[in-house]
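Novice: The structure under discussion is supplied below as structure tokens; questions concerning it will follow.
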Amino acid sequence: MKIFLGCFVMSIFWTTAIFGQKVSNVKMVDAITNQEYSLDNNKSATAQVFIFYTLKCPYSKLYNSRIKALKEKYIASNISFALVNPNAGEDNEIPEKLSTLPFAKNNNIPFLMDTQQVFTKMTKVSKIPEVVIITSGPTGYSIAYRGAIDNNAQAMESATVHHLSAALDDIINRDRPSPMVTRAVGCNIKLKP
């Protein structure tokens with residue numbers, strides 16, 4: 001009983017620590033347009049969705065059609081979508097290659113370069129593709145949800161729980177996303193020192 005109670009208390013603490021975690025305005029460059037992108041530029045959005053994405057991780061491509069469908073579904077609700085590359089500037093993740101990503105280009109999705117991993121570290125994202133939803137309020141920006149897009153990275157048609165969609169629906173209905181944190185599956189992000 002003590003073990004169960006301890007686990008329950010820790011899960012409440014962990015979830016509470018994530019929800020409402022404050023984040024500061026961050027500026028990144030969009031590899032597609034070479035324009036600066038910041039949270040402040042999209043402050044009027046109901047929510048800002050950031051999907052961590054690299055050219056090397058095979059899990060990224062598995063979600064292309066799902067990301068496109070989600071963007072189209074929520075555009076009328078004033079939800080903005082952007083991809084974030086935490087490995088920008090390394091190996092094959094140079095700006096010239098990032099700028100030619102057809103998926104981002106063709107779907108008008110910014111592909112942000114987090115070259116110093118400031119945003120990655122601030123949001124505590126550790127997987128590709130992992131999602132962070134940021135909302136703004138009178139006290140600034142905070143994380144409303146962090147985790148998986150859904151429960152099946154391998155096959156879209158086999159996904160039975162759609163975490164990102166459910167979190168966005170909760171936000172649109174002015175509710176707290178439930179759950180606020182889910183476990184993402186994918187490639188590990190190697191943090192820079």
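Novice: Would you list the helices (runs of 4 or more DSSP H) that sit entirely within region 86-193 and hold 3 or more residues that are touching a Lys or Arg at 6+ places or on another chain (Cβ under 8 Å)?
Specialist: The helices (runs of 4 or more DSSP H) meeting that bar number zero.
Novice: Does at least one position in region 48-69 carry a residue that is over 22 Å from Q154 (Cα atoms) and of a type outside the set (S, T, N, Q)?
Specialist: Among the residues of region 48-69, not one is over 22 Å from Q154 (Cα atoms) and of a type outside the set (S, T, N, Q), which makes the answer no.
Novice: Go through region 49-85 and count every residue that is of a type in the set (S, T, Y), part of a helix (DSSP H, G or I) and either more than 22 Å from S38 (Cα to Cα) or in contact with a His (Cβ under 8 Å, 6 or more places away or on another chain) (or both).
Specialist: 3
Novice: Next up: Quick test of your reading of the structure: E72 fulfils all but one of (1) closer than 26 Å to D175 by Cα; (2) acidic (D, E); (3) open to solvent by less than 40 Å² (accessible area, probe 1.4 Å). Name the failing condition by number.
Specialist: (3)
Novice: Something else about it: Kindly evaluate K124 against the criterion of being surrounded by fewer than 19 Cβ atoms within 10 Å (Cβ to Cβ) and under 12 Å from the mean Cα position of the chain (by Cα).
Specialist: Against the criterion (surrounded by fewer than 19 Cβ atoms within 10 Å (Cβ to Cβ) and under 12 Å from the mean Cα position of the chain (by Cα)), K124 qualifies.
Novice: Follow-up question, since we're still on this one. In the set A155, A148, A88, A144, which member is aliphatic (A, V, I, L, M) and either in contact with a Cys (Cβ under 7 Å, 6 or more places away or on another chain) or exposed (fewer than 14 other Cβ atoms within 10 Å of the Cβ) (or both)?
Specialist: Of the residues listed, the single one that is aliphatic (A, V, I, L, M) and either in contact with a Cys (Cβ under 7 Å, 6 or more places away or on another chain) or exposed (fewer than 14 other Cβ atoms within 10 Å of the Cβ) (or both) is A155.
Novice: Return the residues of region 21-48 that are within 16 Å of the chain's Cα centre (by Cα) and in a strand (DSSP E or B); say none if nothing qualifies.
Specialist: Those that are within 16 Å of the chain's Cα centre (by Cα) and in a strand (DSSP E or B): Q21, K22, V23, K27, M28, D30, Y37, S38, A47, Q48.
Novice: In region 160-178, how many are open to solvent by less than 70 Å² (accessible area, probe 1.4 Å) and touching a helix residue (DSSP H, G or I) at 6+ places or on another chain (Cβ under 8 Å)?
Specialist: 5
Novice: Run down I189, I149 and say which single residue is under 13 Å from the mean Cα position of the chain (by Cα), in contact (Cβ under 8 Å) with a residue 12 or more places away in the chain and under 16 Å from V84 (Cβ atoms).
Specialist: Matching residue, one of I189, I149: I149.
Novice: Taking D30, is it open to solvent by 30 Å² or more (accessible area, probe 1.4 Å), closer than 22 Å to K124 by Cα and modelled with pLDDT of 85 or more?
Specialist: Considered against the rule, which asks whether it is open to solvent by 30 Å² or more (accessible area, probe 1.4 Å), closer than 22 Å to K124 by Cα and modelled with pLDDT of 85 or more, D30 comes out as no.
Novice: Looking only at residues that are open to solvent by less than 20 Å² (accessible area, probe 1.4 Å), of a type in the set (S, T, N, Q) and farther than 14 Å from A104 by Cβ in region 33-66, which one is modelled with the lowest pLDDT?
Specialist: So, considering only residues that are open to solvent by less than 20 Å² (accessible area, probe 1.4 Å), of a type in the set (S, T, N, Q) and farther than 14 Å from A104 by Cβ, the one modelled with the lowest pLDDT is S38.
A quick yes/no check of all residues on (1) at pLDDT 95 or above; (2) under 28 Å from N34 (Cα atoms):
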site	(1), (2)
M113	yes, yes
K127	yes, yes
V131	yes, yes
G137	no, no
I143	yes, yes
D150	no, no
S158	no, no
D169	yes, no
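The values are calculated or read from the model by the stated rules, or taken from the named source; none is laboratory data. Computed from a prediction, not measured in an experiment: that's the story for all the values here. All Cβ positions, glycine included, derive from the backbone under ideal geometry; neighbour counts span all protein chains shown. Quick note on the areas: whole protein, heavy atoms, side chains included, nothing else; ligands and nucleic acids left out. Shrake-Rupley method; radii C 1.70, N 1.55, O 1.52, S 1.80 Å.
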